Structure formats: C-alpha cells, structure tokens
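The values are calculated or read from the model by the stated rules, or taken from the named source; none is laboratory data. Owing to the predicted nature of the structure, the values given are computational and were not obtained by experimental measurement. Positions of Cβ are backbone-derived with ideal geometry, glycine not excepted, and every protein chain shown enters the neighbour counts. Protein only, heavy atoms only, side chains kept; ligands, DNA and RNA dropped before computing areas. Shrake-Rupley method; radii C 1.70, N 1.55, O 1.52, S 1.80 Å.
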Amino acid sequence: MISVMEVYQLLPKTNCKRCGLPTCMAFAVALISREKTIEDCTPLLEEAKYEKKLAGLRELLAPILSADATETGMVIHPEKCYGCGNCVVACPVNVASDPKGTAIGRGPVSGKAILMVEDGVVKCVNVDECRRFGPEKVLCNACIATCPSKAIEFI
Amino acid sequence: MAGGKELTVITFRGIFQEVEEARGMYSDGYRDQSAVVALDGGDMKEMGVEAGHPVHLETASGDVVVAAKLSEEAHPGVAFMPASPWSAQLLSGEVGEDGFLELKMFTVRASSGGGRVTSIEEIEAVIRAP
Amino acid sequence: MAFCTGCSLLCDDIVVDLDGGKIGKTMNLCRKGHAHYSSISSGRLTPSVDGSEVGVEDAMMAAAEVLAGADNPLLFGWGGSTLEAQRAGVDLAKKLGGAIDDPSSYSQGLITEKIIAGDLPTCTLDDVRNFADVSIYWGDDPSSSHPRHMSRFSYFPRGEKRQRGYEEDREAIVIDVRKSPTAQIAADGFFKITPGGDGAFIEALVASLAGKIPKVEDKKRMLNLGTKLRKAKFGAIFTGQGLAHSLRGDLSGFVSLVGKLSEITRFSVIPTLGDYNTRGFNQTLFDETGHVNSVTFKDGVRHGQEFSIARLLDSCDAVMVVGSDPAAALPAAIAKKLAKAVTVAIGSHRNMTTDFAKVSVPMAVAGIEAGGSCLRTDGVRVEFDGLVGSDHLSDVDIIKRIMEAV
Ligand code: SF4
Ligand code: SF4
Ligand code: SF4
Ligand code: SF4
C-alpha cells in the first residue's frame, strides 16, 4: 500500500493549485486513486529543483502506473509469482464460475475464471468480475492472503 | 583462518533456485540464487557485513565465498543457505555413527569479505583436484 | 492435456500450445514447471567419451564397456526416470551383480519405506483434497518445491467433504525451523522449532495428545494443537527433507506419534518427494527386493547403508548415474570420490556429474519428449505420452541398449 503521506512528501508542497486541486495533499490523494497523473503537476515537471522528487515519485507510483494495474487496483508482480495457483483456487469468483476446474484445484475449464496461471505466472482476465470491482464492491482479499510471495496487491 | 563468527547453517530450497536450476546450473542466475547466505540482522552488524556483500564461509572441509542476504526474520547464530554445490563444499561428508549423512545442518566460521563470489567452475576445479 | 514432470505432483491438467511442434504458450504450469518445460531447448547434454564428442551409439557402447569391466558397479539416480527405465535399471543391476541406489538413501527413503511396507498409514492426495481437514507440513515447504501442492490438493481446493473453502473447512499446520513460504500461508498455524528440534516437538505433541503437560515453552499452544488434532476428521502429514534429516534415521518417535493419532482419528502420511518419480523407484526396488534403496545384487540380494552412494563410492569401481546430479548435492569429499570414479552419466542436461563423467549419454525429457509411466509422490500411477518430437532416445531405450551390450 502506498500512503498519501509518502506521495505528499514528494510533491512541491506549495499548494499552487495549477493541477486544478486546492492543495498538494488533495493531489496526492488523486494520484493514488488515479484520478490525476503526475503530469498534471506542472511545477514538478518543469522546475529543475524538483528533479529528485519527480524521480522518487515515479518510482513510488510505478506499480500503480504500470500496465499491469487492472481497474480494481490489482497489481501483479510477475517476477515474484510462483505460479502456484493458490489465488486461482481460492478466488471466490473462480470457485463459483468454474466448479469443475479451479474450484477443485485444477486449471480453469469454464472460460469464466478471472485468475489463471499462464506461462508459469498468474494472470488476471475479466477483471470486472472481481468482487472488488463495481458499485457493490466488497473488500475480498482471498488472492492476497493465500499468496506465498506477495505477488498480488491492491492499491 | 581462525577469526570470524561461528554460525549454524541450515540448508533449504527456494523456488527461484529451482527455476534457475531447470534453466541450467552454469548460469549467473543459478549462482545468484544459490551462492547466498541469509543472515540475521544483528549477526550482520556484528560481522560488519552488508546485504549483497561477500561473506567467506569456512569449515574443516572447505570454504566458499557467497553473497550476504538480510533475513526478514531474526535468527541470531543461525544462517540459512540454499542447498547447492556451494553449501556442499562446507559439508563434512562423514557418515555419523547412526549411519546418517548430514546434509542439512552444519557449523561454519563466517567473516566479512573474501573477494568475489565463488564460481561453479572453481568448485568443479576443487573437486577435481587430486 | 499434457503432464508435467517438473516435480512429483505430476500435474495432469497442463495445456500447451504447440506451434509447429514447438512449445508455445502454456496454461496451469507453475513457475517451476514452466522452467522445466522451457529447459528442453537449453543446456542439453551431448554424447561424449573422455571429453570428446561422439555419436550416441558409440557413447552407449562405451558405457556398456565400462560396466562390463567393473567388479563392483553402482547404478545410481533413478528418481528422474520412468518406471520402465527403473525396471530395466534393476534388471541391469541384477545382470551385472552390482549395487543400485537413489537419492532417497540420503533423504526420505526410510519414511517412504515405512509407507510402502504399511508401517505408516497413507492415502492419496485426492483423498486429501476430498476429505482432509487438517494438513500438517513437517520440515516440508511445498510452496517452494511442489508449488501446486496446496492449491491442487492439500489446502485450497474444494472436495467432496470440503465444500466450504479453506478458511472454514481446513487447517494448515507448518512445523519448520524457518518461516518458509508455506509457513507464511499457514500464518497462525506455524510452529517454529529450533534446528534439530523435531524429536522434542514429537515428544511434546505426544504428551499433549495424552492430556499431559508438554515440556515446551508455550504449553497452551501445544495443548491446543493436541486438541485440534484430536478433533480432526481426516488428518494428513506431509513430510519433507527437514524432518527426515532432523530425525537422523530414527523414526520410532514419529511412527509412534502417527500410531497414537491413528488410534484417535484418521491420519495419513504422504512424503513430499523431490524428483518426479522417486516414489516409482522406491516401489520398483521394494517389489523386487523388499527394500527401497541401497541394495546390491552381488552374491544374492543384500541391503544396508554400506550399499548407499555415500559409503559405496569407496569400494565400487564404476558408477552409472541416471537422471540425477549427486556431484552437486553431496558433500565435496564424496563428490571428489565420484569425480575420480569411472562414471557413466545418462541425463537430459549438463550438470556437475556429467561434467565429471567419462561417458555421457543424452536422454529425452520424459513427459515432454518421451512417454512412459511413473508414480506420483503418493503412489498413484500416472501414464503419459511425449508431446514434441526429439532426436534423443528415451531413458528406457538407452538402458536396454546398454544392457544388451554388456
Ligand atoms: S500543481 Fe503540484 S504543486 Fe501545485 S498544488 Fe498541485 S500538486 Fe501542489
Ligand atoms: S479480490 Fe477476490 S474476487 Fe477479486 S481476484 Fe482477488 S480473490 Fe478474486
Ligand atoms: S500470485 Fe501468489 S498465489 Fe497467485 S499464483 Fe502467483 S504466487 Fe501463487
Ligand atoms: S507443481 Fe510440480 S508437476 Fe505441477 S506444474 Fe509445478 S512443477 Fe509441474
């Protein structure tokens, strides 16, 4: 989890409002929820004295900004994944939609599974089926709690 | 070398080592996964070792240089090492009175430094030597 | 569906895209299995004699010559061989009047022998999936070594009597000297022991099962564990290297603990064995001789530690290693003896043992390039076909060819 304070520390802290928000703190929140992008803070990009902060911020936010971040905020770190399938088998959506496959510990057979293991690492498809997604989202964490290597996180 | 800190080493296997082994044990990847020792934070301080730096491990049977790794858990006096040709250089190879060949646990003298991490070719040369 | 011979779980639900006879995208292989599949295109062994490359036929003839000229040959390896090759290997050892052994002699052989002989109760991994409510991983870290163990069988899947998922229906207990990835998953079920402390843990658990105060620091936790195990409907104990080595060959305490548990409720032991067909070799040799490893066929059938690789290298005059790398796993002093012995290595990939060998014979990777059958770590028989074509001979063909020639 990336904290708002961590992000805030890397902003100019001038509250200049050029990003369209009243404070740098508000901008930090917007960055984490991905309503704003780093590029919206023009001073940070343009002024040389913020170079270090900018680099730090990009590094901090890399997981959020990576292409792997799905719409639920799920981030998969493929380099950490064992491909063990624990998350695949524990995911309640998989269990409900794929009773003859993932529910009983095997690879998916129904075509409705949202987590599966491809080329040795986990992959998330049909992310809109994830319980954390949409207006009635719930804080499911089955795929995180079952992982031996913290290869999945939600941001 | 008489100096160094005495540690009980326990071997284990990790998945990334297994993956590199499947890819071939003469690769840098295999060495990076195998030629390491996970140390207790306090022990590292005492020995003046930093993560990633070389550590010289020695027993009556042999010696190797491996890279230090900081353990997340505290385990003073104990170190964990992937079971590999590197850890095998430190094992005595003697069969105990109970007929058992020890492969999982042994005592080493560990000290900071020692130069470059030992390569698998160097290990093979030591084994081949008369 | 394809099979994976990356470990002794022999996963049978693997989907492989074959484009033009080559391995493409794969589904359901774990990371280790995927590396195993990828390995067919790199680091392969080439046929050689005395360091010079030769044709395979010549290499096999040289191997036969080495074995035929030996008085005390040792045939070692076999966990990475099909049942057919293992059978041929036992026949070859008999024909040569030589010894045969596998890495179980310095690993879990004793536990496996007790299971095969019926001295420890066992069940299949499918039973575990369907019925087990308590899984104990003892000195065992399948998350690292057998990555799909928990998801396919022992903790996460739904089964006949386990319909509600792991949080409500199952319990994972890990007994280990370090917080392994498996221990990480077990969370509160992790019991950390001191190195070599397995025997003391067994004693404490036995006391706790008998309602006595265990002699450990956290008495309450041990008593709770005892209660939990008493209440289990179907318990499974998975053993690993850690337990085997800590007990140093004295299994009496462990056997009596399992006996006590079995008086109370159903408990089974399944070893988590390394190579894909270690169980197959142990069973094959047991069926032939009544022992799972360390047997010689010189002057009748004899068994004992003196016929294990660790001891026999002092006296044998030729070694044939099949699908294994003892030079990398054994202590340097023993590896030195192996490097000096006249060695024939049959394997799919280059490794330290093949580097030291006088004769190298490359073989196909079973399960990917060649078919065959083997036993899963729980003893269930699995048969598979080859998936892609290969120039390499299968292990059984090589052993048979060598046997003809000696
Ligand atoms: S543009 Fe940058 S400096 Fe200005 S308020 Fe927004 S975040 Fe702060
Ligand atoms: S959060 Fe829950 S529903 Fe979503 S992928 Fe993870 S386990 Fe499945
Ligand atoms: S994300 Fe974690 S639980 Fe899922 S397959 Fe990868 S390592 Fe296993
Ligand atoms: S768990 Fe073992 S058999 Fe299954 S895919 Fe992984 S390596 Fe292969």
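Among DSSP beta bridges whose residues both lie in chain C, state the antiparallel percentage, nearest 5.
Percentage antiparallel, nearest 5: 35.
Which pairs, out of A:Lys80/C:Lys22; A:Lys150/B:Lys104; A:Lys112/C:Lys161; C:Lys32/C:Lys219; A:Lys80/C:Lys215, put more than 31 Å between their alpha-carbon atoms?
Listed pairs above 31 Å: C:Lys32/C:Lys219; A:Lys80/C:Lys215.
Take B:Phe16, C:Phe190 and sort them by solvent-accessible surface of the protein heavy atoms, 1.4 Å probe, largest at the top.
The ordering from most to least exposed comes out as B:Phe16, C:Phe190.
If you restrict to DSSP beta bridges whose two residues both lie in the protein assembly as shown, what percentage is antiparallel, to the nearest 5?
That works out to approximately 50 percent antiparallel.
Label the protein assembly as shown by shape, choosing from rounded, prolate and oblate, from the square roots a ≥ b ≥ c of the eigenvalues of the Cα gyration tensor; if a/c is under 1.5 it is rounded, and otherwise prolate applies when a/b is larger than b/c, oblate when it is not.
prolate
Can you compute the charge dipole magnitude of segment C:109-271 about its Cα centre, using +1 on each Lys and Arg Cβ and -1 on each Asp and Glu Cβ, nothing else charged? Give it in debye, rounded to the nearest 20.
400 debye
Can you list the HN-Hα couplings for segment C:165-177, worked out from phi with the Karplus curve (6.51, -1.76, 1.60; θ = phi - 60°), rounded to whole Hz and with x for Gly and Pro?
Those phi angles translate into x, 5, 5, 9, 9, 9, 10, 10, 10, 10, 10, 7, 7 Hz.
Under 15 Å from the Cα of A:Lys100, which aspartates and glutamates turn up, not counting those fewer than eight places away in the same chain?
Cα-Cα hits under 15 Å: C:Asp12, C:Asp13, C:Asp126, C:Glu160.
Accessible area per residue of segment A:42-155 at 1.4 Å probe, in Å²?
47 Å²
With a 1.4 Å probe and all protein chains kept in place, how much accessible area does C:Leu313 have, in Å² rounded to the nearest 10?
Rounded to the nearest 10, that gives 10 Å².
Could you derive backbone 3J(HN,Hα) for segment A:82-90 from the dihedral phi with the Karplus parameters 6.51, -1.76 and 1.60 (θ = phi - 60°), listing whole Hz in sequence and x where the residue is Gly or Pro?
Computed from phi, the couplings for segment A:82-90 are 8, x, 6, x, 4, 5, 4, 7, 8 Hz.
Largest first, what is the accessible-area ranking of C:Arg152, C:Arg164, A:Arg34, C:Arg221 with a 1.4 Å probe?
Largest accessible area first, the residues go C:Arg164, A:Arg34, C:Arg221, C:Arg152.
Starting from 0.36 nm per residue, how many nanometres of slack lie between A:Arg58 and A:Ile2 once their C-alpha separation is accounted for?
18.9 nm
Note the buried accessible area between B and C here, summed over both chains, with a 1.4 Å probe, in Å² to the nearest 100.
For B against C, buried area totals roughly 3500 Å².
What residue among C:Gly80, C:Met150, C:Ala328 has its Cα farthest toward the positive end of the dipole of chain C, where the charges are +1 on Lys, Arg and -1 on Asp, Glu, each on the Cβ?
Going by the charge dipole, the pick is C:Met150.
At most 12 other Cβ atoms within 10 Å plus a DSSP loop assignment makes a site exposed; report the longest stretch of chain C without any exposed GluC sites (Glu not before Pro).
Longest site-free region, per DSSP loop and neighbour criteria: C:218-406.
How far is it, in nm, from the label point at A:Ile155 to the one at A:Glu136 when both lie 7 Å from their Cα along the line to the Cβ?
3.0 nm
What is segment B:5-128 by shape, rounded, prolate or oblate, if you read a ≥ b ≥ c off the alpha carbon gyration tensor as root eigenvalues and call it rounded for a/c under 1.5, prolate for a/b larger than b/c, and oblate otherwise?
Values: a/c = 1.39, a/b = 1.07, b/c = 1.29.
Judged from the Cα gyration tensor, segment B:5-128 comes out rounded (a/c under 1.5).
Non-local amide H neighbours of C:Glu171 (under 5 Å, H modeled in plane, Pro and chain starts lacking H): which ones?
Hits under the 5 Å cutoff: C:Val134, C:Ser135.
Take a quick pass over segment A:4-65 and tell me how many lysine pairs come in under 17 angstrom between Cα atoms, counting only ones 8 or more apart or on separate chains.
Within segment A:4-65, the lysine pair count is 5.
Got a sec? What order do C:Lys179, C:Lys340 fall in by accessible area at 1.4 Å, biggest, i.e. largest, first? Present the calculation step by step, with values, prior to reporting the outcome.
Values: C:Lys179 90, C:Lys340 125 Å².
Reading off the accessible areas and sorting them downward yields C:Lys340, C:Lys179.
Residues of C:344-356, mean number of Cβ from any other protein chain within 10 Å of their own Cβ, rounded to a whole number?
Average neighbour count from other chains, rounded to a whole number: 2.
If I take R0 = 22 Å and measure r between the Cβ atoms of C:Asp250 and B:Glu102 in this structure, what FRET efficiency does the formula 1/(1 + (r/R0)^6) give, to the nearest 0.05?
0.95
Quick check: at a probe of 1.4 Å, how many percent of the accessible area of the protein assembly as shown sits on carbon and sulfur atoms?
Carbon plus sulfur share of accessible area: 50 percent.
Any chance you could check segment A:82-110 for residues losing 20 Å² or more of accessible area when the partner protein chains are in, compared with the chain on its own (1.4 Å probe)?
Those residues are A:Tyr82, A:Gly83, A:Cys84, A:Asn86, A:Val89, A:Ala90, A:Val95, A:Ala103, A:Ile104, A:Gly105, A:Arg106, A:Gly107.
Give the residue from A:Leu115, A:Ile104, A:His77 lying farthest towards the positive end of the charge dipole for segment A:70-143; charges sit on Cβ (+1 for Lys and Arg, -1 for Asp and Glu) and the dipole is referred to the Cα centre.
A:Ile104
Report, by chain and number, residues whose modeled amide H sits under 5 Å from the one on C:Ile346, excluding near sequence neighbours (fewer than 5 apart, same chain).
Those lying under 5 Å, H to H, from C:Ile346 are C:Val321, C:Val322, C:Gly323, C:Val361.
Rounded to the nearest 0.05, what FRET efficiency do B:Glu94 and A:Asp40 have when you use their Cβ-Cβ distance and R0 = 45 Å?
In this case the efficiency is close to 0.10.
Using protein chains only (no ligands, no nucleic acids) and a 1.4 Å probe, work out which residues of segment B:6-22 have their accessible area cut by at least 30 Å² relative to the chain alone.
Buried-area filter returns B:Ile10, B:Phe12, B:Ile15, B:Phe16, B:Glu18, B:Val19, B:Ala22.
Excluding residues on the same chain fewer than 8 positions from C:Lys228, give the aspartates and glutamates whose Cα lies under 17 Å from its Cα.
C:Asp133, C:Glu167, C:Glu168, C:Asp169, C:Glu171, C:Asp188, C:Glu203, C:Asp218, C:Glu263
Tell me the mean residue ellipticity at 222 nm calculated for chain C from its helices only (DSSP H runs of n ≥ 4, each -39500 (n - 2.57), averaged over every residue, nearest 500).
Roughly -10500 deg cm²/dmol at 222 nm, from the helical runs in chain C.
What whole-number value in Å² describes the accessible area per residue of segment B:3-103 for a 1.4 Å probe?
40 Å²
Treating only the Cβ of Lys, Arg, Asp and Glu as charged (+1, +1, -1, -1), what charge dipole size does the protein assembly as shown show about its Cα centre? Round to the nearest 20 debye.
About 2160 debye.
Starting from the amide H of B:Val64, placed 1.01 Å from N in the peptide plane, find each other amide H under 5 Å away whose residue is 5 or more places distant or on another chain.
So B:Val64 has HN proximity to B:Leu57.
Treating cross-link reach as a plain straight distance, find the lysines whose alpha-carbon is under 17 Å from the alpha-carbon of C:Lys340, omitting any fewer than eight places away in the same chain.
C:Lys358
Work out the length of the dipole vector of segment B:5-128 about its Cα centre, built from +1 on the beta-carbon of each Lys and Arg and -1 on the beta-carbon of each Asp and Glu, and round it to the nearest 20 debye.
Values: 10 positive and 21 negative charges, 45 e Å.
Around 220 debye, computed over segment B:5-128.
Need one value for C:322-331: mean number of C-beta atoms belonging to other chains within 10 Å of its residues' C-beta atoms.
Mean partner shielding for this stretch: 5.
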